[in-house]
Structure formats: C-alpha cells, structure tokens
1. State whether one or more residues within the stretch 100-109 are loosely packed, with under 15 Cβ neighbours inside 10 Å, at negative phi and of a type in the set (S, T, Y).
2. Can you pull out every residue in the stretch 145-166 that is touching a residue at least 24 places away in the same chain (Cβ under 8 Å) and either among the hydrophobic types (A, V, I, L, M, F, W, C) or surrounded by 15 or more Cβ atoms within 10 Å (Cβ to Cβ) (or both)?
3. Check every one of the strands (runs of 3 or more DSSP E) wholly within the stretch 167-209 and list those with 2 or more residues that are in the same structural domain as N111 (by TED's automatic domain parsing) and under 16 Å from S100 (Cα atoms).
4. Of the numbered conditions (1) within 27 Å of P84 (Cβ to Cβ); (2) over 25 Å from the mean Cα position of the chain (by Cα), T141 satisfies every one except a single condition; which is it?
5. Among what's in the stretch 196-208 and is touching a residue at least 24 places away in the same chain (Cβ under 8 Å) and not hydrophobic (A, V, I, L, M, F, W, C), pick the residue that is surrounded by the most Cβ atoms within 10 Å (Cβ to Cβ).
6. Within the set of pairs 6+ apart or on separate chains, which have a first residue in the stretch 133-144 that is more than 12 Å from Y159 (Cβ to Cβ), a second that is at pLDDT below 95 and not aromatic (F, W, Y), and C-beta atoms under 6 Å apart?
7. Can you pull out every residue in the stretch 168-210 that is within 24 Å of the chain's Cα centre (by Cα), of a type in the set (D, E) and under 27 Å from D106 (Cα atoms)?
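The values are calculated or read from the model by the stated rules, or taken from the named source; none is laboratory data. As the structure is a prediction and not an experimental result, all values here were calculated from the model. When we count neighbours, we look across all protein chains shown, and the Cβ atoms used for this are built from the backbone with ideal geometry, even at glycine.
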Amino acid sequence: MSKKKISVTTKIVIILTLSIRPMEMINRDMGALVCILAFIFGIGGIIAAIRSKSNNGIAMCSFSVLLNIFIVYCHPAEGVAREPAKRISCASNIKQIWLSLKQYADDYSGNFPPANGAAGLEYLRKYDYLTNYAVYICPSTRTARGKDIQPLTEENVDYVYIGGFNEKTDPKSPILYDKPGNHQDFGNVLFADGTVNNFKGKDWPEKIKK
C-alpha cells in the first residue's frame, strides 16, 4: 500500500474512531475501562499509521473501530438490561424504610412520622432509625445522596412519603412510593401493611390513588 493510500485510509479511520464518542459510551454504562482501552488503541493506531510505512497502524485503528462498534451496537441495551435489577434494589430500599417506620411507630404509640415528603423521612434519619443516605436514593436515578449529618430534603430523597398515618391505618393505603420519573413507566409502592407492590404504565401514580 502506498503512502498516499495509507494517508487517506488514516483520515477515514480517524473520523470513524472519533465518531464512536467513547465518553458517550461511558455515560451509558458500557464499561469505562473497555471504552478507554479502545480509544487508546485508536490514538496509538493513528500515530503509528502516520509515522510508519507499514500497515500496523491501520490494523490498530481498525481494531479500535471494531471494538467500539461491538460495544455500541452489540450491547446497546446493557443499561436497559440492568433496570429490572435496579427496580428490585429500589423495592429493597423501600422495604428498609418500612422497617424503620415500624421501629419508629413502636416508640411513638403506633404513629408514623407526621410530616409529608422528605421532612417526614427526616424523622428517621434525625433520630437514628435509618441514617444510611443511600437507602433514600432510587438506584435508577443520579440523585446525589446526602452526607455527614445533612438533613433529608426533596433534593436528596427519591421517594414520596405520606405522613400522619399509624398502625391502624387501612392496610391498602399507600404511605410511600417512587417519585414519578425514578423509573420509566414504573413505580414501587409501599402500603400501610408493609407490602411493596409495583405498578406499570405511564399513569401508574394515578392507579395507586384509586
């Protein structure tokens, strides 16, 4: 292959390699290490192709492109595939909150925290019933968890809590559920008897009110 052909091919490979957008793949949870390695191979191939008269550089670039294409197009739904596991983990968080609510009720004549929203859940954190900030965050979101002794607010809590209930409340009454948007067309809901059910569909928040 002539120098002229190598130069043209190199330009094409540069365009293809950069068009894969490795940072986008990292954001999609495609495997940061693999993406970075593929990107390094691409850059190394470009340099080798420019400096060398052989086809080694072209081979490295081609390998980079193929590897990136494999990651992007053969595993496009990896993030989606993890969503069922995140939903289960979310339900587990809600169950932990329920256990803390029960402990609180045992100490306060069967009453759950009186305030709505994050202010109600703050009773659990403030009085040492549940101080793990991670439990108040849905695994499907990018919400930043609280730290140190930061109070719980709507900015660091992914669940809607309905305050004022007690252990004699109708067991079918929802007392805590996913904020709409935590999951796509899906929500976990905690009822007053401690059961956690899930609802599907765009209108799932309306279903739990019926």
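1. Yes, because at least one residue in the stretch 100-109 is loosely packed, with under 15 Cβ neighbours inside 10 Å, at negative phi and of a type in the set (S, T, Y).
2. L152, N156, V157, D158, Y159, V160, Y161, I162, G163, F165
3. Strands (runs of 3 or more DSSP E) meeting the threshold: 174-178, 186-191.
4. (2)
5. P205
6. Taking only residues 6 or more apart or on different chains, the pairs are Y133/R145; Y133/G146; A134/R145.
7. D178
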